[in-house]
Amino acid sequence: MNRKLIALISSALMLVIGTTAQACTRAVYHGEDQLVITARSMDWRDEIPASLWLFPRGMQRHGAVGDNSVTWTSRYGSLITSAFDISSTDGMNEKGLVANLLWLAESSYPEYQGKRKGLSVAAWVQYVLDNFATVAETVDALRAEPFVVVSANIPGTQRFATLHLSISDATGDSAIFEYIDGKLVIHHDPKYRVMTNSPIFEQQLALNQYWQQIGGFTMLPGTNRAADRFVRASFYMDAIPKTANTRVAVAGAFSVIRNASVPFGIASETEPNISSTRWRSVSDHKNRVYYFETALTPNTFWVDMKGINFDKLQKVKKLTINNSSLYSGNALPDFVTAKPFTFAGL
């Protein structure tokens with residue numbers, strides 16, 4: 001290995017040992033006949049109430065950081081999963097663009113003084129899903145930095161929200177957005193199919209390169225640490241069969257994200273980066289189907305987005321997910337009209 005790679009691995013290992021991030025994993029499957037599927041797990045030390053929301057086109061949005069917040073009108077309808085009903089954390093829009101928000105302890109956002117347009121990190125996913133159809137379009141727009149991403153403590157806690165963003169689309173393209181030392185860093189390539197938490201993405205790639213030289217059928221790292229989950233998800237997404245059969249592909253994507261999940265009830269006071277998986281989603285970009293399961297229910301259900309009317313005159317709808325919620329099959333009829341939540345901000 002060259003010196004740069006060795007240095008990156010050394011730095012990454014130190015960060016992995018010392019990180020205090022929450023755990024999540026995202027991985028993208030490339031099948032045959034343009035079948036692209038994104039799977040993610042949401043891992044959190046505490047209970048994290050989730051809801052599924054249907055947002056139509058034409059919604060008036062606000063960046064939630066004060067008078068100089070960015071504002072926009074949604075061009076595309078979307079299906080999203082919220083956290084605490086204060087943030088869009090995961091979802092897919094009607095064009096098949098998927099966005100996932102994951103924890104990254106090393107995130108460092110620019111200092112916000114209100115002089116530039118600002119966007120709450122809680123609305124980052126929604127801004128992307130509302131405005132763009134592809135990864136390339138998103139990267140071109142956000143590279144110009146039309147706003148500053150602004151974060152704050154998670155409401156009701158002393159925990160500052162440090163997050164990074166992954167996106168994928170129906171063509172198989174992918175991108176990762178991270179704020180490192182106050183600067184936006186974008187990794188854009190269809191091969192960037194896996195994202196976890198600490199360390200930063202560049203160092204995750206270095207660690208994965210090391211394990212690729214060993215070979216996954218020889219040995220794989222087996223802990224719950226983010227770097228180990230990155231390696232396992234990368235290997236297994238490449239190893240499972242490439243197929244045009246949607247049922248087989250979805251099953252494969254679920255099996256990989258379950259392998260990268262943390263058993264329910266697992267937590268460590270000395271290693272808070274190890275947190276129980278609370279829920280998992282699988283997004284079928286091609287067929288516009290969003291699958292969902294929680295750790296506390298036996299059912300995997302889905303929402304077939306082809307049956308959703310995203311016209312701007314339609315009502316916002318919500319599907320509440322809690323410990324006693326049981327849904328099966330296509331849960332679209334179970335959504336009820338609801339007032340949209342307000343993004344957490346300043």
Being among the charged types (D, E, K, R), open to solvent by less than 10 Å² (accessible area, probe 1.4 Å) and under 22 Å from Ser87 (Cα atoms) narrows it down to one residue among Glu145, Glu178; which is it? Glu178
Could you pull out the residue among Gly156, Gly172, Gly91 that is open to solvent by 40 Å² or more (accessible area, probe 1.4 Å), out of contact with any Phe, Trp or Tyr (no Cβ under 6 Å at 6 or more places or on another chain) and within 29 Å of Thr277 (Cα to Cα)? Gly156
Exception for Trp72 within (1) more than 24 Å from Val316 (Cα to Cα); (2) part of a strand (DSSP E or B); (3) open to solvent by 10 Å² or more (accessible area, probe 1.4 Å) falls at (1)
When segment 75-88 is examined, which residues are found to be out of contact with any Pro (no Cβ under 7 Å at 6 or more places or on another chain) and either open to solvent by less than 10 Å² (accessible area, probe 1.4 Å) or of a type in the set (A, V, I, L, M) (or both)? Ser78, Leu79, Ile80, Thr81, Ser82, Ala83, Ser88
For Gln126, state whether it is without any contact (Cβ under 8 Å) to a residue 12 or more places away in the chain and at negative phi. no
Which is without any contact (Cβ under 8 Å) to a residue 40 or more places away in the chain, open to solvent by 20 Å² or more (accessible area, probe 1.4 Å), part of a loop (DSSP other than H, G, I, E, B) and out of contact with any helix residue (DSSP H, G or I) (no Cβ under 9 Å at 6 or more places or on another chain), of Lys339, Lys306, Lys312? Lys339
Within segment 164-174, identify whether any single residue is of a type in the set (A, V, I, L, M, F, W, C), within 25 Å of Ser283 (Cα to Cα) and assigned to a helix (DSSP H, G or I), and answer yes or no. no
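The values are calculated or read from the model by the stated rules, or taken from the named source; none is laboratory data. Treat the numbers as computed from the prediction; the structure is a model and nothing was measured. Counting neighbours? That spans all protein chains shown, and the Cβs are built from the backbone with ideal geometry, glycine included. For accessibility, only protein heavy atoms count, side chains too; no ligands or nucleic acids. Shrake-Rupley method; radii C 1.70, N 1.55, O 1.52, S 1.80 Å.
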